[in-house]
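Inspection log for the structure reproduced underneath, given as structure tokens.
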Amino acid sequence: MRSILQRGDKFQPLPTDDDRLDQQIPGDLWKKCPKCSELIYTRELENNLRVCPKCGNHFRLRARERIEQLVDPGSFVEWDAEVRPADPLEFSDPSGAYSDKLQATQRKSGEYEALITGFGTVDGRSIVVAVSDFDFLGASMGSVFGEKLTRAMERCAEAGTPLMSVNASGGARMHEGLFSLMQMAKTVAAFARLGEARVPHISLLADPCYGGVTASYATIADVIIAEPGTLVGFAGPRVIEQITKQKLPDGFQTAEFLLEHGMIDFIVERGDLKRTVAELLDHYARVHQVDRGESIPWQPNLARSNGVAPKAAKPGKKS
Amino acid sequence: MRRALNRRSESTATLEPVESVALTPWDRVKLARHQSRPHSLDYINVLFTGFIELHGDRLFGDDPAIVGGLARFGDRTIVVIGHQKGGDTRENIRRNFGMVRPEGYRKAERLMRHAEKFGIPVVTFIDTPGAEPGIGSEERGQGTAIAESLLTMAGLKTPIVAVIIGEGGSGGALAIGMADRMLMLENAVYAVASPEACAAILWKDAGKAPQAAETMRITAEDLLSFGIVDEVIPELVPAHENTHGTISAVGDAVQRALDELMEVVDQPSGLDRLMEQRYERFRRIGVWSEALPVAAE
Ligand SMILES: [Zn+2]
């Protein structure tokens, strides 16, 4: 099964004019934290997973930065990189044609589309990742996004490999009209099949996550996680303010707000993400380990019991 | 065209066919939103008998922007669910202009499960500007409610027919529209965002909505050509000028669609085939290019 999943392409970066990928530019040696205004040495920020060492602000990650942080070095095999966007409506607005906008975005971002999918390992455990790139047209969900995610889910279902999606998105890709809206239905249907195959989907809501992605596969995952301070909602705050003429409450649509209202399972600091995902994967992996023979007795968790250990079960007895 | 938009009702209007080629997409947006256009309850009251409205999501409240319940259609029992706009301003305020809150989608989802439990087909009427943007709606998980409704429809083991009768407003419309058959009235529109919102974002001017409506390809004819909609129900005159004729035409189309779907279901492993067809129906939607031959398949 692994061979099916590991077939794919090695990533070949597009020529790019995004200076973030080029560490040599002097203006980019320092970054100012938008939250605490502290100037941080870029190298230090990278070493700290792009989390502000002073205030803990989680900077947004590009899709490939996220993948690099999440999966084991050298394990990532990209899928469906040759699936590229088209312009079914021949859409054009005063800023130009969608097809030109796509090309410009591809050059600027170094990506062909807003979703990157592929196979990797997390501390040795197999996983499929689907990571959106907010720098590509606000990671809006168009046909390619939906198709790549659906293919990934279908392969996960076939191979029994868990899926982790990382979801930052501005919503639907307006330039693709109703084709874009229908990707909500398509990806949810694929997720339903993943569920029938009893393959888990872990969703990380990343800053910012709005619209069609919030209203489809990302918020019905088996486990829904968010990083601190992440903004998640269906309608954008400005739209809500305009329409309701009400002042929005403090912390509105933050991960903390979602946790309080019961919409997500927990908040995880970026530094704990990989370990947390590994632990989750182990829980689901054990479910399928049947026919182990003898039952293994439980052991007190010394690490978490303040040194006062309860009595362990004796082998052979059910406790 | 302007005349057609301004005419109020059948009683004062002569039923002259409106030359459909003369209608721009923006004209259709205005027709689709026309306050006198028949809304879900008008269809329910004419097409069905014995309608018993079922209320509430069993969690938080009852959203008047969604109506639903059990009804008789010909010799069948169906579960009907629809967005409900008002025919006048007062009613429109009560119905929140057809903008649904999370409890509305959760009511719809509950009714769908009810239908599945008893093997009853589902008919939905789509007519909404979109899901409500609001503080309370966000607190109660608007996105999650829509997503859960979609998930329920994806696996619902009973036929679903959706009719877009007026305004198909984005995710708020799709939330009760993930159907085996999607029928659409000729002057209805279905869009990923309102033309005004699209114009405000991409044209930087909400006043350019007529141009956005053109560019967005939101008419029934467009969506039929994209394979997203299965059938366009003609409006020889706009629905608000020919209420009964329009409702009858919708009734005939729903009957045909249900007959076809029930024929599938009544065969051995029919429900499995229905599920397979529904999956494929949405699976194939999308346009992309594939630069190189696929290595892995
Ligand atoms: Zn900081």
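For residues that are touching a Gly at 6+ places or on another chain (Cβ under 9 Å) and modelled with pLDDT under 95, scanning just the range B:280-297, find the one that is most open to solvent (accessible area, probe 1.4 Å).
Across the range B:280-297, the extreme among qualifying residues is B:Ala295.
Can you go through A:Asp28, A:Asp87, A:Asp80, A:Asp19 and tell me which one is open to solvent by 70 Å² or more (accessible area, probe 1.4 Å), away from the ligand (no atom under 16 Å from the Cβ) and either within 14 Å of another protein chain (Cβ to nearest Cβ) or at pLDDT below 95 (or both)?
On inspection, the qualifying residue turns out to be A:Asp19.
For the range B:141-156, which positions are among the β-branched types (Val, Ile, Thr) and crowded, with 24+ Cβ neighbours inside 10 Å?
If the condition is that a residue be among the β-branched types (Val, Ile, Thr) and crowded, with 24+ Cβ neighbours inside 10 Å, then B:Thr144, B:Ile146 are the ones that fit.
Please go through the range A:44-67 and pick out each residue that is closer than 15 Å to A:Pro34 by Cβ, among the basic types (Lys, Arg) and either open to solvent by 30 Å² or more (accessible area, probe 1.4 Å) or away from the ligand (no atom under 15 Å from the Cβ) (or both).
A:Lys54, A:Arg60
Only residues in the range A:51-73 that are more than 18 Å from A:Val268 (Cβ to Cβ) count as the first member; pair them with residues that are within 16 Å of the ligand (Cβ to nearest atom) and of a type in the set (Asp, Glu), Cβ under 6 angstrom, at least 6 apart or cross-chain, and list the lot.
A:Lys54/A:Glu38
So, A:His283, is that one within 28 Å of A:Ile67 (Cα to Cα) and open to solvent by 40 Å² or more (accessible area, probe 1.4 Å) or not?
For A:His283, the condition - within 28 Å of A:Ile67 (Cα to Cα) and open to solvent by 40 Å² or more (accessible area, probe 1.4 Å) - is met.
Could you look through the range B:1-23, keep only residues that are open to solvent by less than 60 Å² (accessible area, probe 1.4 Å) and among the polar types (S, T, N, Q), and pick out the one that is modelled with the highest pLDDT?
Filtering the range B:1-23 for residues that are open to solvent by less than 60 Å² (accessible area, probe 1.4 Å) and among the polar types (S, T, N, Q), the one modelled with the highest pLDDT comes out as B:Ser20.
Check whether at least one residue in the range B:154-165 is closer than 28 Å to B:Glu260 by Cβ and within 9 Å of another protein chain (Cβ to nearest Cβ), and report yes or no.
Yes, because at least one residue in the range B:154-165 is closer than 28 Å to B:Glu260 by Cβ and within 9 Å of another protein chain (Cβ to nearest Cβ).
For the range A:93-122, enumerate the residues that are over 21 Å from the mean Cα position of the chain (by Cα) and not in a strand (DSSP E or B).
Those that are over 21 Å from the mean Cα position of the chain (by Cα) and not in a strand (DSSP E or B): A:Pro94, A:Ser95, A:Tyr98, A:Ser99, A:Asp100, A:Lys101, A:Leu102, A:Gln103, A:Ala104, A:Arg107, A:Lys108.
Could you check, for the range B:95-112, whether at least one of its residues is polar (S, T, N, Q) and more than 30 Å from B:Pro25 (Cβ to Cβ)?
No, because not a single residue in the range B:95-112 is polar (S, T, N, Q) and more than 30 Å from B:Pro25 (Cβ to Cβ).
Can you list the strands (runs of 3 or more DSSP E) lying wholly within the range B:31-140 that have 3 or more residues being open to solvent by 40 Å² or more (accessible area, probe 1.4 Å) and closer than 20 Å to B:Val163 by Cβ? Steps first, please.
Values: elements: B:49-53, B:66-73, B:76-83, B:122-128.
The qualifying strands (runs of 3 or more DSSP E) are B:49-53.
Restricting attention to the range A:142-169, which residues are outside any helix (DSSP H, G or I), more than 10 Å from every other protein chain (Cβ to nearest Cβ) and not polar (S, T, N, Q)?
A:Gly160, A:Pro162, A:Leu163, A:Met164, A:Val166, A:Ala168
Mind listing whichever residues of the range A:260-271 are closer than 22 Å to A:Leu70 by Cβ and within 12 Å of chain B (Cβ to nearest Cβ)?
The one that is closer than 22 Å to A:Leu70 by Cβ and within 12 Å of chain B (Cβ to nearest Cβ): A:Ile264.
Assess whether A:Ser203 counts as being assigned to a strand (DSSP E or B) and over 22 Å from A:Lys35 (Cα atoms).
yes
Name the one entry in A:Phe179, A:Phe191, A:Phe145, A:Phe134 that is aromatic (Phe, Trp, Tyr), assigned by TED's automatic domain parsing to the domain that holds A:Leu280 and in contact with a Lys or Arg (Cβ under 7 Å, 6 or more places away or on another chain).
Answer to the selection: A:Phe134.
The values are calculated or read from the model by the stated rules, or taken from the named source; none is laboratory data. Computed from a predicted structure; not experimentally measured. So basically every Cβ, Gly included, is an ideal-geometry build from the backbone, and we count neighbours across all protein chains shown. Just so you know, the surface numbers come from the protein's heavy atoms only, side chains and all, with ligands and any DNA or RNA stripped out. Shrake-Rupley method; radii C 1.70, N 1.55, O 1.52, S 1.80 Å.
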